[in-house]
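The values are calculated or read from the model by the stated rules, or taken from the named source; none is laboratory data. Please read these numbers as outputs of a predicted model, since none were measured by experiment. Positions of Cβ are backbone-derived with ideal geometry, glycine not excepted, and every protein chain shown enters the neighbour counts. The protein model used for the area step is the full one, side chains on, heavy atoms only, and it has no ligands, DNA or RNA in it. Shrake-Rupley method; radii C 1.70, N 1.55, O 1.52, S 1.80 Å.
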Amino acid sequence: MKQDKPLTKLDEIRESKRKKRNRPGKQVLRRTTVLLIIFGALFVRAGFQLFDLQYVRADEFERMAINQQTREVDIPAARGTIYDTNGKLLAQSATAYTVFISPKELITYEEDKTFIARSLADLWGEAGNSYEQIIPKWDKTTSWYEKVAVRLEPELTAKVRSFIAENKLKSVHIAEDSKRYYPARSLASQLLGFVGDENTGLSGLEAYYESTLRGIGGSTVRATNAAGTDMIDLQYENYYDAADGNAIAITIDSTLQYYLEKHLSRAIIDNKVKNGAMGIMMDVNTGAVLAAATLPDFDPNKFSDSSIIPEETITRYEGTLTDKEREAGVSAQTKALQALWKSRTFSDTYEPGSTFKIITLAAALDAGVISVNDTFFCGGSYSLPGDPDVRHCWKHSGHGSQTLYEAAQHSCNVAFIQIGMKLGAKGFYDYIKALGLQDKTGIDFIGEENGLWWPESDFYASNSSLASASFGQTFNITPIQLITAVSAIANGGNLMKPYLLKNITASDGTILKENKPTVVRQAVSEEVSVLVRDILETVVSAPSGTGKNARVAGYRVAGKTGTGEKIGQASNEYVVSFIGFAPADDPKIAVLVLLDSPDRTAGNAVSGGAMAAPVVSSVLADSLDYLGIPPNFTSEEISVTMPNAKGMNISEANAKIQGLGITARIYGNGSTVTDQVPAVNEELDPGSQVILYTESGKPSELVEVPNIFGLTYTRARGELEAIGLFIKTVGVNPDGAKSTIITARQSFDPGTEVAYGTVVIVTLIDNDPNVLEGRG
């Protein structure tokens, strides 16, 4: 048997310590300590989590709880109204309704989705979603809100309400909304723009002033049960008011806008214009835009309707589609619509042609490099030393020696090259900058573009660019840039910042902002302004003036023609234009008209003088009268007002009529006038022959208006009088002996049936090729 080894003193000490460590009290203490540490760590972690829940993420969990226990229904804000400068409604919001379905409630109440979808689609037709569009929305089974019709009219909404009530539906709901209306339809459509499905401005002023017009939506919050339906017994509801949008008044005058659009529309027909027309009217002294039009236009109430686009237009856009656009699903109809929505007066650039000679003339006079005593010789062309390009005057035979006034009247390219050379490249460029033609105007409108100019260093490198620029070629500007610069030259030299906003008004009527005219800088001196006005007036009034067709009876009109080639076009197309202002001695308004690609077969010379000047004349004639600017007629311009001859004896009536410069044809054998044509107070041209009846009344049958377009004055008057119609002319003076004076427009379309004795207003132009042909 093996005996244990005797313990040493060291072994005894170790054994004693081991026994002390293994005593029960020590073991419990150690375990307790470990547990306390573990529980302490858990407590700290829980504390952090509690802090995170109660403070850091409190808002998040509060929102989650509220979402589970409440339902929020949006209350739309009414979009602000748009008024014209006189307070006429141009755009307003009215109550409409949105219909939405609740897939969640469909399941809860076990309703028939197919029946509902088919019934709703049949009920509203194209006003809401189709059956095929509604069915997939039912499959979003966790959703409470899926729109199926927006901005329904009240009458249609009433039918939806009846359908819901008759079938006791819980999953179909109606919410109040608003719908945008444009009561004037297409009037100023590109300016106003339109709103989309969410009542958000997508183009025009609706988009530019979106933050002002849109308002802030409100909401109603109601308590719901676990199923998500309203708790009727629990009276919990919070209502948050919507803040309606602010109203804006703009500088556009609806009447002036109507005049501009009316005459542009007529010009497109008369001149067979291919690519539309543009026009702007500006208050020269403030920069306020009084009218701005792009034709063709559209109806903002149905802005996405492509049926109004002619087939030939869609075909033209089909040819412009890129491979990338085709891959993206862009159609010709879409591109055509987008072009229709654009206000080209602010966003399109074009070569201004001879209208830009106003800028060259004013700059050279202001710089003192020319005077009214200078003369300029035109032999038909101009060559620069070392430049192989020969620049021709539109009159290839030349104008000979001319005064400064005559050079402007003739729109002589060669003379204006000489004027540009005297001004020099730097001087020319400095005035372009001073008149704001190097920068966007800053008008308050979406999508304004800048012109296309040479880099300054390139322009200084040679006189070649200066020579072409002097008469308005080889660069592009926008219509708003040109009329702003010309208005500065007309108003005494002040470049004004153009604007469209007149004021902003809160829903309670408080005026929040009043727009004031802004002078950007003094661009030319007042003395130069007065002189340029006088020179440009002779462009219209002189027999040899290329702008003679802009004449307005009773008013002094100043202006300049323009015929600019479309840069990059291989088809020899032009933009013909005219810019004029009146009264010439105290300008109030300026009007710029552009016709894009008129047809040479229309009968008139393709020039601003033959095609655009008569349009400006018509616009000014209507507008100046409307604005209350009194005319001052010369003896040649006074028309005859038909007197009342009824009841007079024949000799007395004849004497009265002949005293007015007209004659009478008598029908009947009686001695007393029983009827007359034209009617009392109708205006007609001197020399006209009226009809007096002595035994019966005038014929009651309607008369068909003939086509007198392109006829001489004498022949046009004869054809009208032969069928019992009468003529009153506007435009150039009716000189029956001059074969170049022809009718360019008539107030009734050919084939229109009118009453016997009706007065037809006819626009006369002088179509003299020696004055109007070419790029003058």
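Overview of values
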quantity	calculated
Residue match in the range 619-639 (condition: in contact with a strand residue (DSSP E or B) (Cβ under 8 Å, 6 or more places away or on another chain) and within 30 Å of THR674 (Cβ to Cβ))	yes
Residue check for GLY276: of a type outside the set (Ser, Thr, Tyr), at positive phi and within 20 Å of the chain's Cα centre (by Cα)	yes
Total residues in the range 619-642, condition aromatic (Phe, Trp, Tyr) and either open to solvent by less than 20 Å² (accessible area, probe 1.4 Å) or at pLDDT 90 or above (or both)	1
The range 643-660 - residue that is open to solvent by less than 40 Å² (accessible area, probe 1.4 Å) and assigned to a loop (DSSP other than H, G, I, E, B) and, of those, nearest to ILE727 (Cα to Cα)	PRO643
Exclusive hit being surrounded by 19 or more Cβ atoms within 10 Å (Cβ to Cβ) and not assigned by TED's automatic domain parsing to the domain that holds ALA188, set THR320, THR313	THR313
Unmet requirement for PRO517, which otherwise passes all of (1) farther than 27 Å from SER343 by Cβ; (2) not in a helix (DSSP H, G or I)	(1)
Flag for SER307 being open to solvent by 50 Å² or more (accessible area, probe 1.4 Å), modelled with pLDDT under 95 and polar (S, T, N, Q)	yes
Yes/no for VAL414 being assigned to a loop (DSSP other than H, G, I, E, B) and at pLDDT 95 or above	no
Test: residue in the range 713-727 that is in a strand (DSSP E or B) and modelled with pLDDT of 90 or more	yes
Residue match in the range 349-363 (condition: of a type outside the set (A, V, I, L, M, F, W, C) and open to solvent by 60 Å² or more (accessible area, probe 1.4 Å))	no
Residue match in the range 279-287 (condition: modelled with pLDDT of 90 or more, assigned to a loop (DSSP other than H, G, I, E, B) and open to solvent by 70 Å² or more (accessible area, probe 1.4 Å))	yes
Among the candidates VAL557, VAL606, VAL616, residue that is among the β-branched types (Val, Ile, Thr) and modelled with pLDDT under 95	VAL606
Subset of the range 397-415 (residues that are touching a residue at least 60 places away in the same chain (Cβ under 8 Å), of a type outside the set (Phe, Trp, Tyr) and open to solvent by 50 Å² or more (accessible area, probe 1.4 Å))	GLU406
Residue in the range 696-708 that is under 30 Å from ALA542 (Cα atoms) and modelled with pLDDT under 90 present	no
Residue under evaluation PRO598, criteria (1) open to solvent by less than 40 Å² (accessible area, probe 1.4 Å); (2) outside the structural domain of GLY547 (by TED's automatic domain parsing), criterion not met	(2)
Matching option when the condition is modelled with pLDDT of 95 or more and within 27 Å of the chain's Cα centre (by Cα), among LEU500, LEU536	LEU500
Scan of the range 520-554 for residues that are assigned to a loop (DSSP other than H, G, I, E, B) and more than 26 Å from ALA434 (Cβ to Cβ), ordered by number	ALA542, PRO543, SER544, GLY545, THR546, ARG551, VAL552, ALA553, GLY554
Residue in the range 376-394 that is at positive phi, without any contact (Cβ under 8 Å) to a residue 60 or more places away in the chain and open to solvent by less than 10 Å² (accessible area, probe 1.4 Å) present	yes
Sole residue being at pLDDT 90 or above, in a helix (DSSP H, G or I), among the polar types (S, T, N, Q) and on the phi < 0 side of the Ramachandran plot, chosen from THR108, THR157, THR85	THR157
Wholly within the range 319-393, helices (runs of 4 or more DSSP H) carrying at least 2 residues that are modelled with pLDDT under 95	323-327, 332-341
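To keep it simple, each residue is scored yes or no on (1) assigned to a helix (DSSP H, G or I); (2) of a type outside the set (Ser, Thr, Tyr); (3) open to solvent by 20 Å² or more (accessible area, probe 1.4 Å); (4) more than 30 Å from GLY193 (Cα to Cα).
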| position | (1), (2), (3), (4) |
| --- | --- |
| MET421 | yes, yes, yes, yes |
| ASP430 | yes, yes, yes, yes |
| LYS433 | yes, yes, yes, yes |
| GLN438 | no, yes, yes, no |
| THR441 | no, no, yes, no |
| ASP444 | no, yes, no, no |
| GLY447 | no, yes, yes, no |
| TYR460 | yes, no, yes, yes |
| LEU466 | yes, yes, no, yes |
